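Enquirer: Once you've had a glance at the structure underneath, I'll fire off some questions.
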Amino acid sequence: QVQLVESGGGLVQAGGSLRLSCTASGTRVSENAMKWYRQAPGKQRESVATITISGTTIYADSVKGRFTISRDNTKNTVYLQMNSLKSEDTAVYYCMALRWATYWGQGTQVTVSS
């Protein structure tokens, strides 16, 4: 059974940083495309960052230059380093694994105060 567990969310002031973690069990992060999504109140869920099986990273324009996605295969964990946070980054952040099937984590709340 595949499980993704996110952690690292919280309350931070604008301009601050947070690092989200997504630890997988039942699958290897290196064998999936791993993605971070976010969903703000009243808005659709949007893709924020992707790391492919080959290690290529892709970012939404809104976070390019501020967020960095990475993975540690030894810890079977994917990270999202978020710097220069803005109030509009406030959302629930979800981790997703995609290869033969799609798996989602439970989400972690990020709140950026202005």
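The values are calculated or read from the model by the stated rules, or taken from the named source; none is laboratory data. Since we're looking at a predicted model, the values are computed, not measured. Positions of Cβ are backbone-derived with ideal geometry, glycine not excepted, and every protein chain shown enters the neighbour counts. The protein model used for the area step is the full one, side chains on, heavy atoms only, and it has no ligands, DNA or RNA in it. Shrake-Rupley method; radii C 1.70, N 1.55, O 1.52, S 1.80 Å.
Enquirer: In terms of the Cα gyration tensor, with a ≥ b ≥ c the square roots of its eigenvalues, is the stretch 23-69 rounded because a/c is under 1.5, prolate because a/b exceeds b/c, or oblate?
Expert: Cα axes put the stretch 23-69 in the oblate bin.
Enquirer: Kirkwood Rh over alpha-carbon pairs of the stretch 1-55, then Stokes-Einstein at 37 °C and 0.692 mPa s: what D in µm² s⁻¹, rounded to an integer?
Expert: 249 µm²/s
Enquirer: Quick one: in the chain, what % of C-alpha pairs are over 16 Å apart?
Expert: Distances greater than 16 Å cover 54 percent of the Cα pairs.
Enquirer: Apply the Karplus parameterisation 6.51 cos²θ - 1.76 cosθ + 1.60, with θ equal to phi minus 60°, to every residue of the stretch 104-114 and state each ³J(HN,Hα) to the nearest whole Hz, in sequence, with x for glycine and proline.
Expert: 10, x, 8, x, 9, 7, 10, 10, 10, 8, 9
Enquirer: If Lys and Arg each add +1 and Asp and Glu each add -1, what is the summed charge of the other residues whose beta carbon sits under 15 Å from the beta carbon of VAL12?
Expert: Result for the neighbourhood of VAL12: +2.
Enquirer: Also, I was wondering about something else. Could you size up the charge dipole of the stretch 1-93 around its Cα centre, putting +1 on the beta carbon of Lys and Arg and -1 on that of Asp and Glu, and report it in debye to the nearest 20? Please list the in-between numbers first.
Expert: On the way: 11 positive and 7 negative charges, 6 e Å.
Value, rounded to 20: 20 debye.
Enquirer: Could you please put TYR37, TYR93 in sequence from largest to smallest accessible area, using a 1.4 Å probe? Kindly include the intermediate steps, with their values, before the conclusion.
Expert: Details: TYR37 45, TYR93 0 Å².
So the residues, ranked largest to smallest area, are TYR37, TYR93.
Enquirer: Right, here's the next one. Let me check I've understood the local charge: for ILE69, count other residues with C-beta under 14 angstrom from its C-beta, Lys and Arg +1, Asp and Glu -1. What total comes out? Each step should come with its number before you reach the end.
Expert: On the way: positive: ARG19, LYS35, ARG38, LYS64, ARG66, ARG71; negative: GLU6, ASP72.
Charge balance in the 14 Å sphere: +4.
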